[in-house]
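For reference, the structure is listed below as structure tokens.
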Amino acid sequence: MLVVDYGAQYAQLIARRVREAKVYSEIVPHTLTTEQILAKNPAAIILSGGPSSVYAEGAPSVGPDLFEAGVPVFGICYGFQAMANALGGSVARTGLREYGATVATAIGEPHSLLAGIPATQNTWMSHGDSVQAAPEGFEVLATTAGAPVAAFVNEAKALGGVQWHPEVKHSDFGQKVLENFLFTVAGLEPNWTTGNILEEQVDRIRAQIGDARVICGLSGGVDSAVAAALVQRAVGDQLTCVFVDHGLLREGEAEQVERDFVAATGVNLYVANEQERFLGALAGVTDPEQKRKIIGREFIRAFEEAERAIVEQAHAAGEQIKFLVQGTLYPDVVESGGGEGAANIKSHHNVGGLPEDLRFELVEPLRALFKDEVRAVGRQLGLPEEIVARQPFPGPGLGIRIVGEVTAERLDLLRKADAIGRAELTTAGLDNDVWQMPVVLLADVRSVGVQGDGRTYGHPIVLRPVSSEDAMTADWSRLPFDLLARISNRITNEVDGVNRVVLDVTSKPPGTIEWE
Ligand code: XMP
């Protein structure tokens with residue numbers, strides 16, 4: 001099923017909801033012609049919302065031919081209006097905006113798209129224009145205060161739509177509306193599951209790699225672990241993984257890769273112990289961007305050295321390494337224009353970023369998946385929960401959570417404080433409520449304290465728990481005071497050199513999530 005993206009921020013959400021209903025979906029830009037869309041042979045199409053008015057100059061338009069091809073189509077918000085407009089209904093520029101929670105009322109007994117939903121339901125709206133009259137042959141299913149026609153359907157042609165956003169959680173029965181379209185109106189089957197993804201990807205990887213050899217980098221994060229485990233499942237010993245231990249990971253994370261990941265997958269692992277190298281390169285450096293650059297540069301060098309060693313081993317055995325695994329996810333693909341091939345390497349200041357002059361062909365087994373699907377595949381592959389459920393962690397690691405110079409002692413101290421914060425958050429059962437909780441050492445700041453018998457002159461630790469959807473914006477998490485008290489007590493009691501714990505209560509913007 002295809003989601004045509006009219007430029008709303010919701011297209012990815014729609015695609016995810018459709019997949020949650022066990023129907024495979026992909027996003028295509030609205031700049032595709034009807035012919036190009038139909039050439040992809042979709043079982044059904046959803047037209048997303050978008051910021052334009054259907055009457056605005058240059059507004060993306062939809063020709064009536066899209067609705068005459070016999071393919072079921074569902075319009076959401078702008079897509080709903082575009083469908084009405086294309087098929088001879090009327091859309092008015094009322095200028096009356098409905099924004100946010102809005103009650104939609106069914107006309108008659110709820111049925112078709114609204115089957116199984118109460119006659120009045122809370123929906124999430126964001127529109128200025130509204131459909132005044134449905135096209136001929138369409139039945140009006142619901143109305144709201146600002147939208148006389150808020151939902152319509154033409155069952156015979158399998159066409160329909162809603163003015164509200166069923167994909168957002170604030171629409172109470174949004175998922176049900178989507179499922180009604182998919183299964184009742186469009187007649188699709190819910191048969192796309194994590195099990196299918198796994199089998200399909202394993203087949204694809206085998207077809208791509210054949211009997212060649214392949215390498216991959218492990219960072220300790222979810223994506224690289226799941227990508228590697230999938231490739232391992234597909235081609236076994238043809239895969240070698242490289243883990244560059246830069247010494248900037250949190251407590252227990254290197255062991256998770258070296259011991260737990262290997263135990264769960266049986267992968268061939270090449271460990272490059274590079275802690276000294278990174279500490280040496282970072283000595284005396286305090287500027288955050290400088291730190292990032294140094295860590296990025298050393299990472300690439302260390303990875304290349306490891307890679308050369310593995311390539312030489314392969315040569316000695318008369319083999320060649322042809323492929324490199326990359327954990328690109330579907331949102332990266334969509335955001336970079338959806339093209340195929342090597343151009344889509346993650347660019348986000350990522351230490352996992354790899355050299356530009358790639359001598360390998362890329363294997364990208366997660367290209368079609370959203371993050372939650374990657375986690376589901378990871379669980380299916382039997383990876384440890386600590387890896388699969390890991391919260392986002394920046395590539396440069398603790399190196400950018402020490403405000404000041406990075407030294408072995410400071411890393412040690414921060415690792416202990418961070419481990420306490422994480423353990424207490426988990427014990428409180430709040431892992432899923434918090435997007436991530438950077439624990440930051442203000443190494444260049446000292447504060448006076450009184451501990452035991454005397455005064456101390458130690459460092460503050462900052463707790464930065466945030467809630468977020470995508471890390472672009474964030475709010476500080478309102479953690480329970482008792483939990484904060486426990487973390488603070490434990491850190492000041494158990495971590496030498498820290499005599500103060502402070503809470504960061506800044507949203508993003510204006511603050512970033514990380515301190516550097
Ligand atoms: P900021 O601090 O920009 O962080 O609000 C947004 C998200 O990105 C992560 N982050 C990084 N990830 N390399 C990474 O791989 C980096 O240099 C980096 N800096 C920030 C951060 O943890 C948050 O999830």
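Couple of notes before you dig in:
- Computed over the chain, Cα set: Rg, Dmax in Å: 26.4, 85
- Simple rule: put +1 on each Lys or Arg Cβ and -1 on each Asp or Glu Cβ in the chain, find the dipole, and look at I513, V73, G220; the Cα lying farthest toward the positive end is I513.
- In this simple spin-label model, placing a label point 7 Å from the Cα along the Cα-to-Cβ direction at both R204 and A156 gives a separation of 4.0 nm.
- Distance between the range 99-169 and the range 469-516 - C-alpha centres, whole angstrom: 43
- Rounded to the nearest 20, the Cβ-based charge dipole of the chain about its Cα centre (Lys and Arg +1, Asp and Glu -1) stands at 660 debye.
- Residues of type aspartates and glutamates that K157 reaches as a straight line, Cα spacing below 15 Å, ignoring anything fewer than 8 places off in the same chain: D65, E68, E136, E139
- A Förster radius of 30 Å, combined with the Cβ-Cβ distance separating V285 from E319, puts the computed FRET efficiency at roughly 0.15.
- Pairs of alpha carbons in the range 193-234 separated by more than 16 Å make up 38% of all such pairs.
- Euclidean distance of C-alpha centroids, the range 12-64 and the range 315-333, integer Å: 32
- Dipole magnitude of the range 457-516, debye to nearest 20 (Cβ charges: Lys/Arg +1, Asp/Glu -1, about Cα centre): 240
- Kirkwood-based Rg to Rh ratio, the range 94-184, C-alpha trace: 0.93
- In the chain, helices alone account for a calculated mean residue ellipticity at 222 nm of -9000 deg cm²/dmol, with every DSSP H run of four or more residues adding -39,500 (n - 2.57).
- Dipole of the chain, positive direction: furthest Cα of C241, G318, Q451, with charges on the beta-carbon: Q451
- Expressed as a fraction of 2.2 N^0.38 Å, the C-alpha radius of gyration for the range 178-291 is 1.50.
- Checking the cross-link pairs K169/K508; K293/K322; K371/K416; K291/K322; K169/K416; K291/K416 against a 26 Å limit on the alpha carbon distance flags K293/K322; K371/K416; K291/K322; K169/K416 as lying beyond it.
- For the range 29-172, the solvent-accessible area with a 1.4 angstrom probe is 42 square angstrom per residue.
- Hydrodynamic radius by Kirkwood, which averages 1/r over all alpha carbon pairs of the range 1-156, in angstrom: 15.9
- Equivalent ellipsoid semi-axes - Cα gyration tensor, the range 107-261, angstrom: 49, 21, 12
- About its Cα centre, the dipole of the range 209-311 is roughly 220 debye, where the only charges are +1 on Lys and Arg Cβ and -1 on Asp and Glu Cβ.
- Remark: relative contact order (the range 1-77) = 38 percent; criterion is Cα-Cα distance under 8 angstrom and separation of 6 or more residues.
- Farthest towards the positive end of the charge dipole of the range 1-138, among the residues S90, I46, A11, is the Cα of A11, using unit charges on the Cβ of Lys, Arg, Asp and Glu.
- Cα gyration tensor category, rounded, prolate or oblate, for the range 381-467 with a/c compared to 1.5: prolate
- Ranked by solvent-accessible area (1.4 Å probe, protein heavy atoms only, all chains present), the residues F152, F481, F393 order from largest to smallest as F481, F393, F152.
- Accessible surface for E361 stands near 100 Å², nearest 10, in the context of the full protein assembly shown (1.4 Å probe).
- Sorted on the mean count of surrounding Cβ atoms within 10 Å across their residues, most packed first, peptides 200-208, 127-135, 442-450 read 127-135, 200-208, 442-450.
- Heavy atoms of K176: accessible area, 1.4 Å probe, square angstrom to 10: 80
The values are calculated or read from the model by the stated rules, or taken from the named source; none is laboratory data. Given the structure is predicted, the values throughout are model-derived calculations rather than measurements. Please note: Cβ atoms are built from the backbone with ideal geometry, for glycine as well, and neighbour counts cover all protein chains shown. Keep in mind that these areas ignore ligands, DNA and RNA; they rest on the heavy atoms of the full protein, side chains included. Shrake-Rupley method; radii C 1.70, N 1.55, O 1.52, S 1.80 Å.
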